[in-house]
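One structure is given here, and the rest of the page talks about it.
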Amino acid sequence: MSSQRSSFTGKIGFVLAAAGSAVGLGNIWRFPYLAAKYGGGIFLLTYLVLAITFGFTLMIAEIAIGRKTKLSAIGAFKALDKRFTFVGVLGAIIPIIILPYYAVIGGWVMKYFAGFASGATEQMADGNYFSNFIGSVGEPIFWFALFIAITAIVVFFGVEKGVEKVSKIMMPVLIAMILFIAIYVICTMDGALDGVIYYLKPDFSNFSVMTVVAAMGQLFYSMSLAMGIMITYGSYMKKDISIEKSTRQIEWFDTGVAFLAGLMIIPAVFAFSGGDAAALGQGPGLMFVTLPQVFNTMPAGSVIGAVFFIMVFFAALSSSISLMETIVSILMDKTKLNRRASCLIVLGGALLLGLPSSLGYSAWSSVKIIGMQFLDFFDFASNSVLMPIVALITCIFVGYILKPKAVIEEVEVNGKFKSKGLFTVMIRYVAPVFLLVILTSSILSAFGIIKI
Ligand code: TRP
């Protein structure tokens, strides 16, 4: 398998492929609701600081491990040190947890596309529309099943390339639309400027450990870190491409899209609700409640809404394909099942696992795991527990077993590693200690032992 790896063509090919997989619901749906909930400007600042130190270090390490070994996560760790094979396995569990609930949200996106396309804009702008929708049993399950089925069909027939092409065309249009909507909201709506200030100006009184926990989880999620994905991407990367430069570009691109999404949504929340705590803290529904209100005030709002949501759909679909692809290829490697059989098994598993996340807002809303609904629980288990664990062990592995030198050498295959010092200090000292603190506090607080 290792000798037959195809490579990305051209210098920009690698960056585009990795960024295309990284940009998805994490940027457009998840980042804005976390930023709104956990302090606005202070969340943004925390996120940026973490991205250029911590995210940078981890992404460099993962890509370098992949390119060095030319293997995906499990094989790569195994090849470097057998005792660390479990890190690869642990990382592989994460997409299995994420994919089902990702598809639940993807289903919501499809529903909203269908709603705008059928001209139901005014109804959708009603404050209760979203809660009525997710509070019903059948419809969210239908859209979830449709989304995961489309993902599976693409993976089953191996036509990812086609979808990738479509989403590559859609991506710039999506970004332009986000920018346009942000400008529209800020320039035409009363109260929106307060939202801009809330989003951009760090208010240290809003800071808590939770700000850091949330920002850190979001960083992993959005940049697809600490789950072996970037190792796989690195394994396809050619030696004449700079790991350091590519990492910076992926990071800026991913962060840029998330930033703009926040700029589109948070000022609108202020315009429609005055920015009271309940509106800011509403969580996963934020985008679905706020944007229809914006589109409802626009001329041709139904068309704009439909176009917007279909583009979010493609961004989400390309990510969910990449998530499913990861699971399918691991299954194929481990069981010798063929692609189609593996795909059907993953589809079945995702349908089963996603069902509780969907029902958690309706029929099963009273069922709680450590005080959380299913969707929140899966989100927490992957982003706040498993990813920090994988990241922590990766840092210890690279810092003390493999040694930073091995990564530095791989990065320096083509030129100087400018942030070598930062990388070494981060991976050996700062990141492990920091991760341990974050991990412990998020687990203790989930079990109600401490309040953060
Ligand atoms: N980063 C993706 C997003 O922002 C979500 C994601 C997490 C992902 N892990 C992944 C996508 C693995 C592809 C592969 O939406």
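Give the stretch 353-373 a look and list any residue that's farther than 22 Å from Leu439 by Cβ, in contact (Cβ under 8 Å) with a residue 40 or more places away in the chain and among the hydrophobic types (A, V, I, L, M, F, W, C), or say none.
Listed by number, the residues that qualify are Leu353, Leu355, Leu359, Ala363.
Out of curiosity, is Ile105 surrounded by fewer than 21 Cβ atoms within 10 Å (Cβ to Cβ) and within 13 Å of the ligand (Cβ to nearest atom)?
So Ile105 fails the test.
Is there a residue being farther than 19 Å from Ala22 by Cβ and among the β-branched types (Val, Ile, Thr) anywhere in the stretch 228-250?
no
Here are the criteria: (1) within 16 Å of the ligand (Cβ to nearest atom); (2) modelled with pLDDT of 95 or more; (3) assigned to a helix (DSSP H, G or I). Tell me which single one Ala214 does not satisfy.
Of the numbered conditions (1) within 16 Å of the ligand (Cβ to nearest atom); (2) modelled with pLDDT of 95 or more; (3) assigned to a helix (DSSP H, G or I), the odd one out for Ala214 is (2).
May I ask you to say which residue of Ser445, Ser441 is in a helix (DSSP H, G or I), small (Gly, Ala, Ser), open to solvent by less than 20 Å² (accessible area, probe 1.4 Å) and farther than 17 Å from Leu225 by Cβ?
Sole residue among the options that is in a helix (DSSP H, G or I), small (Gly, Ala, Ser), open to solvent by less than 20 Å² (accessible area, probe 1.4 Å) and farther than 17 Å from Leu225 by Cβ: Ser441.
Considering only residues that are of a type in the set (Val, Ile, Thr) and open to solvent by 20 Å² or more (accessible area, probe 1.4 Å), which ones fall in the stretch 328-350?
The answer is Ile330, Thr335, Ile345.
Could you tell me how many of the residues in the stretch 334-351 are free of Cβ contacts under 8 Å to residues at least 12 places away in the same chain and either within 20 Å of Ile94 (Cα to Cα) or of a type outside the set (D, E, K, R) (or both)? Walk me through how you get there before you give the answer.
The first filter runs over the stretch 334-351 and keeps only residues free of Cβ contacts under 8 Å to residues at least 12 places away in the same chain, leaving 334-338, 341, 348.
Next cut, either within 20 Å of Ile94 (Cα to Cα) or of a type outside the set (D, E, K, R) (or both) only: 334-335, 337-338, 341, 348.
Number of matching residues: 6.
For the condition modelled with pLDDT of 95 or more and over 17 Å from the mean Cα position of the chain (by Cα), what is the one hit in Ala103, Ala120?
The unique qualifying residue is Ala120.
Residues to consider are Asp190, Asp203; find the one that is touching a residue at least 12 places away in the same chain (Cβ under 8 Å) and surrounded by fewer than 12 Cβ atoms within 10 Å (Cβ to Cβ).
Only one candidate passes the filter, namely Asp190.
Gly158: more than 19 Å from Ile389 (Cα to Cα), within 25 Å of the chain's Cα centre (by Cα), surrounded by fewer than 18 Cβ atoms within 10 Å (Cβ to Cβ) and touching a residue at least 24 places away in the same chain (Cβ under 8 Å), yes or no?
Numbers: more than 19 Å from Ile389 (Cα to Cα): yes; within 25 Å of the chain's Cα centre (by Cα): yes; surrounded by fewer than 18 Cβ atoms within 10 Å (Cβ to Cβ): yes; touching a residue at least 24 places away in the same chain (Cβ under 8 Å): yes.
Yes.
Here is a list: Ser366, Ser357. Which entry is part of a loop (DSSP other than H, G, I, E, B) and away from the ligand (no atom under 14 Å from the Cβ)?
From the options Ser366, Ser357, the qualifying one is Ser366.
For residues that are assigned to a helix (DSSP H, G or I) and near the ligand (Cβ under 9 Å from one of its atoms), scanning just the stretch 219-229, find the one that is nearest to Gly91 (Cα to Cα). Let's see the steps before the verdict.
Let us first name the residues in the stretch 219-229 that are assigned to a helix (DSSP H, G or I), namely 219-222, 229.
When the remaining residues are screened for being near the ligand (Cβ under 9 Å from one of its atoms), the result is 220-222, 229.
Working: Phe220: 12, Tyr221: 12, Ser222: 15, Ile229: 9 Å.
Filtering first and then ranking leaves Ile229.
At pLDDT 95 or above and part of a helix (DSSP H, G or I): does that describe Ile169?
Details: at pLDDT 95 or above: no; part of a helix (DSSP H, G or I): yes.
Answer is no for this residue.
The values are calculated or read from the model by the stated rules, or taken from the named source; none is laboratory data. Because the structure is a prediction, the values reported are computed rather than measured. Note: ideal-geometry Cβ built from the backbone for every residue, glycine included; neighbour counts use all protein chains shown. Note: areas computed on protein heavy atoms with side chains; ligands, DNA, RNA excluded. Shrake-Rupley method; radii C 1.70, N 1.55, O 1.52, S 1.80 Å.
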